[in-house]
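Heads up: the structure comes next, in structure tokens.
The values are calculated or read from the model by the stated rules, or taken from the named source; none is laboratory data. Please read all numbers here as calculations on a predicted model, not as lab measurements. Neighbour counts run over all protein chains shown; Cβ positions are idealised from the backbone, glycine included. Areas reflect the complete protein model, heavy atoms only, side chains present, ligands, DNA and RNA absent. Shrake-Rupley method; radii C 1.70, N 1.55, O 1.52, S 1.80 Å.
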Amino acid sequence: MFPEWKGVFRRRTAQRVENDRPCRAEEIPIHVAVIMDGNGRWARRHALPRAAGHHAGMLAMRDAIRAADDWGIQVLTLYSFSTENWKRPRQEIDYLWRLVDEFFQLDIDELVERNVRIKIIGDPSQLPQVTQNTIARALHRTKDNTGLTVQFALNYGSRWEIVKAVQEIAYQIEKREIAVTDIDEKMLSDYLSTSGLPDPDLLIRTAGDQRISNFLLWQIAYAEFVFVNEMWPDFTRKHFYSAIQAYVARERRFGGLK
Ligand code: FPP
């Protein structure tokens, strides 16, 4: 599509590493969530258009999915488009949807072969119809898979998700199907789009910023955070490996004592 970028990307393909695991199998985080930040800055550094940064980000994302699957991570949640990202120029947004189409078309066979189950969190109803169709096909093809679950957060915002959950619970009360006293943490979790999946153990954010940006606010209550300076397109399996090692070295107490 943009042949002038190809030289920049070829480097990645050669980077596939052996099937190593960063820790013992039982230490591997069950759920890893990632804020894939820095595509735009990466593009600027390479004097390329922002779209090229997103394309390179897609390649990094592909590698991260492969690594997560190889290492036995059970859930990988990828912040791909936030409810706030609509503030970007139309051209950039349109490119991101084309990239989503491209990714699901090119990678779906490999994902099926890897027994990966795809999930979407967020509101896909505002996406272009063609993208919604591509996503629906990918969801259908992977719905019975039992391996790694990859959750793409698309048009996702944590506050939006919590408000929606509260509204749904309030309707149940209005219809007298539940009482106010029935509301507990489990019920609220069940109304979130991540329902049925364990909360993230590890949250990784690239590109140096140390903030959460409206991502999984409820679910990360006890997650370990690892902030990485590399821009997302430069985030390789090696960086993922180190982030998991940093996580394994942490002592998780969940508010208790050692
Ligand atoms: C943040 O970088 C990244 C995004 C808003 C988009 C993430 C998308 C991908 C990694 C690729 C494709 C996704 C799918 C699901 C196929 P930024 O643009 O905010 O970077 P900046 O802060 O440096 O400007």
Hey, any hits in region 144-151 for a residue that's at pLDDT 95 or above and open to solvent by 40 Å² or more (accessible area, probe 1.4 Å)?
yes
Working only within region 67-90, note down all residues that are in a helix (DSSP H, G or I), farther than 26 Å from Arg159 by Cβ and touching a residue at least 60 places away in the same chain (Cβ under 8 Å).
Ala67, Ala68, Asp69, Trp71
Cross-chain or 6+ apart pairs with Cβ under 8 Å, region 236-251 first and more than 17 Å from Gly208 (Cα to Cα) and open to solvent by less than 40 Å² (accessible area, probe 1.4 Å), then among the basic types (Lys, Arg) and part of a loop (DSSP other than H, G, I, E, B)
Arg237/Arg16
Could you tell me whether Leu48 is surrounded by fewer than 19 Cβ atoms within 10 Å (Cβ to Cβ), over 21 Å from Phe215 (Cβ atoms) and without any contact (Cβ under 8 Å) to a residue 60 or more places away in the chain?
yes
Please determine whether any residue of region 220-241 is closer than 22 Å to Lys119 by Cβ and assigned to a helix (DSSP H, G or I).
yes
Restricting attention to region 165-177, and to residues there that are surrounded by 15 or more Cβ atoms within 10 Å (Cβ to Cβ) and of a type outside the set (S, T, N, Q), which single residue is nearest to Ala221 (Cα to Cα)?
Ala165
What's the number of the only condition in (1) more than 7 Å from the ligand (Cβ to nearest atom); (2) under 17 Å from Met231 (Cβ atoms); (3) buried (at least 17 other Cβ atoms within 10 Å of the Cβ); (4) more than 13 Å from the chain's Cα centre (by Cα) that Ala64 fails to meet?
(4)
Within region 24-42, residues being without any contact (Cβ under 8 Å) to a residue 60 or more places away in the chain and more than 8 Å from the ligand (Cβ to nearest atom) number 3
When you scan region 99-217 for strands (runs of 3 or more DSSP E) that lie fully inside it, which ones turn up with 2 or more residues that are in contact with a Pro (Cβ under 9 Å, 6 or more places away or on another chain)?
149-156
Hey, any hits in region 223-231 for a residue that's at pLDDT 95 or above, within 23 Å of Asp20 (Cβ to Cβ) and either hydroxyl-bearing (Ser, Thr, Tyr) or in contact with an Asp or Glu (Cβ under 7 Å, 6 or more places away or on another chain) (or both)?
yes
